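Worksheet for the structure shown next.
Here, each number is a calculation from the coordinates, and none is a lab measurement. Treat the numbers as computed from the prediction; the structure is a model and nothing was measured. Here Cβ is always computed from backbone atoms with ideal geometry, including for glycine, and neighbour counts include all displayed protein chains.
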Amino acid sequence: MTDTVDKTPAPTVPPEQIKAIPVRHYGRWVAGAAVIAILVLIGIAFSNAKINYGVIPDYLTDGTILSGVWHTLYISVLAMVLGLVLGVILAVMRMSSNPVTSTVAWFYVWFFRGTPVLVQLLLWYNISLVFPILNLGFYKDEMNQVMTPFLAALLGLGLNEAAYMSEIVRAGIQSVDEGQTEASHALGMTQGKTLRRVVLPQAMRVIVPPTGNEFINMLKTSSLAYAVQFNELIKRAQDISSTSLAVVEMFFVASIWYLILTTVFSIAQYYIERRYARGSSRNLPPTPLQRLRKNLRLFGSFRRPEVAR
Amino acid sequence: MSSLGKDIAPSTTGHPMVRAEGVHKSFGLAHILKGIDLEVNPREVFCLIGPSGSGKSTFLRCINHLEKISAGRLYVDNELVGYRQRGDKLYELKESEVAAQRRNIGMVFQRFNLFPHMTALENVMEAPVQVRRESKAVARERAERLLDRVGLGDRKGHYPAQLSGGQQQRVAIARALAMEPKLMLFDEPTSALDPELVGEVLDVMRDLAEDGMTMIVVTHEMGFAREVGDSLVFMDDGVVVEAGHPRDVLTNPQHDRTKSFLSKVL
């Protein structure tokens, strides 16, 4: 019942360590040299280009650029939240036994996945062509006043994302063993409770990695919102380059910020995935920090080469 | 392992706990159950044996309406399972009403089906808190008591993946008991276990039987059936072939099909 531990006493005198000459990997050295050579050539080509690299560090922390970064960040987060919530609803609708809801969900995914995001963004921005007046009963206004660049960007990006998220969520729900639903039903839990308490938490393990991927994609897709006059990073970079004429330089500035954002969120994704792996494996893999600390400790008490486990 | 008795609701007497009248079940063209008639009395340990595909697991799953029966009537504690009868018309129960019926029936699965994202304690607490809206403190207190009684008091914080098969199945039994059912269904509870782990699960079940729990057990453990069972039914091809006291059926089978089955498994 309890874990058995190998209690064979370790020999007091360690056997003589093998000191063999390792296999030489000449191929690795050749490949490494080739990679460095190519990188150097590319570097030389770029440094000889007519690009004024000097302005890049200055513009990196420029107020206009920073406001663009902030806009990119929050529109991505909000659109993703909208996509996630709507995606879960659509996935549940799609899998429901009610033929009306499942058809509606199927049609939604078919349409929003089948048309370009850019078109959807522009459609929302120009929705006043279809509905000149927004009338919610308690609220009435000109659609032009309501449909700000922010709202058009949020709806365009978020509703499109929902179509992709619903497929991810559906795959996650379907990955959960049927026995889980049965056990939950046998305990007297209703469909809704079963979904919330038993199925979705387990589906998260399958849902989270592609969702992180979707979010990182969203950070960059949000640049399309420049088409609806939303002040995100690319729009801001272009605003500057239209006066300073540093067009390529500003794209470099924007790209550096995109790289920073995606790196930060890739790290966050690692920790979220780790959290939802609870219970699915006996021992969670160590975080990079824990690994670093362990290696440092090993290094400190280094006496003989570590034997591979 | 001490007594489990306090968790068993006193069974109302006078009528059988389970009554099946001509129960049929078809999956599409496959006719799985072909007219099952039987009665299970309160406090009885009722064993179902038979070759795989004979319909014994399907019948068990009909009792808590995990499967809908195609024809016949099935009563638990004098209440029609899954339907309401008004005059000569049957009305399907709403989902919440089916869920309410299931609260009184505990089920233990071959593959345990513990919730892997919850610890042993959380698994046992889940249904009382979520279904019966019990306070966490009350549910925790009972869950701890139940885990102690199945011999897992020191494994409360473990996730199912950190437990052996036998331990997982004992947690699953505790989880079912936490709803204080009046009937327990066991669907081949030891079939997925390594042989050396079977005993610990059967011990818990024996304990439960001694405390007077009404149990229906689909099993291949003939030793358990003989020792603990009060009645035994041999099913084959969707019908009850032979029924009686376990000792009689197992040692002196009357029917050829029973004889040939027992000669293979004993």
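Reported value for chain B: 138 Å³ per residue, from the convex hull of its C-alpha atoms.
Simple rule: put +1 on each Lys or Arg Cβ and -1 on each Asp or Glu Cβ in chain A, find the dipole, and look at A:149, A:245, A:49; the Cα lying farthest toward the positive end is A:49. Under a model in which nothing but the beta-carbon of Lys, Arg (+1) and Asp, Glu (-1) is charged, chain A shows a dipole of about 1360 debye around its Cα centre. Based on Cα contacts under 8 Å between residues 6+ apart, the stretch A:78-210 shows a relative contact order of 33 percent. Per residue, the Cα convex hull of the stretch B:96-199 amounts to 98 Å³. Size descriptors for the stretch B:50-105, from the alpha-carbon set: Rg then Dmax equal 12.1, 39 Å. Taking the Cα centre of chain B as reference, the dipole from Cβ charges on Lys and Arg (+1) and Asp and Glu (-1) amounts to some 700 debye. As a proxy for reagent exposure, ranking A:260, A:207 by other Cβ atoms within 10 Å from fewest up yields A:260, A:207.
The mean of 1/r over all pairs of different alpha-carbon atoms in the stretch B:1-144, once inverted, gives a Kirkwood hydrodynamic radius of 17.4 Å. Here the scattering of the stretch A:40-136 is modelled by Debye summation over its C-alpha atoms, one equal scatterer each and no solvent; at q = 0.15, 0.24, 0.25 Å⁻¹ the log10 of I(q)/I(0) is -0.90, -1.21, -1.22. With the alpha-carbon atoms of the stretch B:17-66 aligned to their principal axes, the span from lowest to highest coordinate is 36, 21, 18 Å, starting with the largest. Each DSSP beta bridge with both residues in chain B is either parallel or antiparallel, and the antiparallel ones are about 60%.
The Cα atoms of the stretch A:236-281 define a convex hull whose projected area, averaged across directions, is 3.7 nm². In the protein assembly as shown, a dipole from Cβ-located charges (positive for Lys and Arg, negative for Asp and Glu) runs towards its positive end, and of A:76, A:36, A:14 it is A:36 whose Cα lies farthest in that direction. A compact globular protein would have a Cα radius of gyration near 2.2 N^0.38 Å; the ratio found for the protein assembly as shown is 1.32. Taking the number of Cβ atoms within 10 Å of each Cβ as an exposure proxy, the fewest-first ranking of A:26, A:108, B:159 is A:26, A:108, B:159. Tell me, rounded to the nearest percent, the portion of alpha carbon pairs in the stretch A:148-285 spaced more than 25 Å apart. Everything past 25 Å amounts to 47 percent.
Taken over the C-alpha atoms, chain A has Rg and Dmax values of 27.2, 89 angstrom. Only Lys, Arg, Asp and Glu carry charge here, each on its Cβ (+1 for the first two, -1 for the last two); on that basis the stretch A:44-160 has a dipole of about 360 debye about its Cα centre. For the stretch A:171-212, the normalised intensity computed at q = 0.16, 0.18 Å⁻¹ comes to -0.38, -0.46 (log10 of I(q)/I(0), Debye sum over alpha carbons, equal scatterers, no solvent). In the protein assembly as shown, helical runs assigned H by DSSP with n ≥ 4 each contribute -39500 (n - 2.57); averaged across all residues and rounded to the nearest 500, the mean residue ellipticity at 222 nm is -16500 deg cm²/dmol.
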